[in-house]
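Inspection log for the structure reproduced underneath, given as structure tokens.
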Amino acid sequence: MKQITVVLATNNRDKVKEIKPLLEDIGPGIEVFSLNDLEIDIEIEETEETLEGNAKLKTDAVFDLLSKRFDNLVTFADDTGLEVTALGGAPGVYSARYAPVPEGTSPTYEDNVNHLLTKMNGMEDRKACFRTVVALKGRIEKNSKPHTFESAVEGSVEGAITLEKTGGNGFGYDPVFWVNSARSTFAQMSIEEKNRISHRSRAVRKAVEELRRILTPKLSVF
Ligand code: ITT
């Protein structure tokens, strides 16, 4: 089987740490790289209003950049949003840019978490949901012909926003995201524990199934 290169179209190293172990068992002959592994510095502006739209922007940009460099290429992007019921679904697609900061700068994880806690001060309804869309775009040789494909899958997890930060692991909003089924915040979990139940792992597992299906050669019927 030909070597297949999967490139994770993200600049977020925390995401890469979670995604890579989930991609290890797609199959033989598959190598997974992050943009950082390939020393690629590309800033992709997230101009769409949906997670799916933004995930596709990322796969499109990285696919265009690398399709000449790799013969059998799959680009893989994750766009994630935290949706808080009492805030009408905010910050949602704007989760990375939630806290107001001076023009030309980006909020840190801590800025965003503090802003969320302030916005929710005194609110009783703390229900929230994390949603991830994983987009795939690739071109591989299948049955001795070039085969191009695009797809998107989603994963989510229900929870609640805590009153204060708890736990030192994870990233982003993890210290304030209480997972009902685990009775703890994501920041109190190891990567392995988070990967058993998270929005991202659910979307990534669906993407892995999709990839296995796409990469399996069709049997000829005589
Ligand atoms: P890329 O676009 O380069 O992938 P990003 O950090 O901009 O990286 P997103 O737009 O998908 O990624 O994520 C929006 C923000 O949501 C992110 O910056 C974190 O603050 C938060 N976030 C994403 N996944 C999370 C998770 O699993 N746990 C906690 N917070 C998360």
FRET efficiency for Ser190 and Thr118, using Cβ-Cβ distance with R0 set to 30 Å, rounded to 0.05: 0.55
Reach of Lys127 by Cα under 14 Å, taken over aspartates and glutamates that are not fewer than 8 positions away in the same chain: Glu83, Glu158
Those residues of the range 2-17 whose amide nitrogen sits under 19 Å from the label point placed on Lys206, 7 Å along Cα→Cβ: 9
R0 of 30 Å, Cβ-Cβ distance Ile40-Lys165: FRET efficiency to nearest 0.05: 0.35
Debye, to nearest 20: dipole size of the range 104-151, +1 on Lys, Arg Cβ, -1 on Asp, Glu Cβ: 380
³J(HN,Hα), Karplus 6.51/-1.76/1.60, whole Hz, each residue of the range 3-20, x for Gly, Pro: 5, 10, 9, 9, 10, 7, 7, 9, 9, 8, 5, 5, 5, 4, 4, 7, 6, 3
Given charges at beta-carbon only (K, R positive; D, E negative), |dipole| of the chain in Debye: 860
Cα centroid separation, the range 106-135 to the range 2-70 (Å): 25
Nonlocal amide H pairs with Thr50, under 5 Å, H built at 1.01 Å: none
Loop-resident sites, the range 142-220, for GluC sites (Glu not before Pro), counting at most 15 other Cβ within 10 Å (DSSP): Glu164
Order of Tyr98, Tyr173, Tyr109 under a 10 Å beta carbon neighbour criterion, fewest first: Tyr109, Tyr98, Tyr173
Cleavage-rule hits (GluC sites (Glu not before Pro)) in the range 21-81: DSSP loop, at most 15 neighbouring Cβ within 10 angstrom: Glu24, Glu39, Glu43, Glu45, Glu48, Glu49
Phi to ³J(HN,Hα) by Karplus 6.51 cos²θ - 1.76 cosθ + 1.60 over the range 138-144, Hz, x for Gly, Pro: x, 9, 9, 8, 9, 6, 6
In the range 106-192, the trypsin sites (Lys or Arg not before Pro) that fall in loop regions by DSSP, at most 14 other Cβ within 10 Å: Arg183
Residue-wise HN-Hα coupling along the range 101-116, computed from phi with Karplus coefficients 6.51, -1.76, 1.60 (Hz; x: Gly, Pro): 9, x, 3, x, 10, 10, x, 7, 3, 5, 4, 5, 5, 4, 5, 4
Straight-distance crosslink candidates among lysines, where the alpha carbon sits under 20 Å from Lys137 and sequence neighbours closer than 8 are dropped: Lys2, Lys15, Lys20, Lys56, Lys58, Lys68, Lys145, Lys206, Lys218
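We did not get these values from a lab; they are worked out from the coordinates using the rules stated. Everything quoted here is computed from the prediction, not taken from an experiment. When we count neighbours, we look across all protein chains shown, and the Cβ atoms used for this are built from the backbone with ideal geometry, even at glycine.
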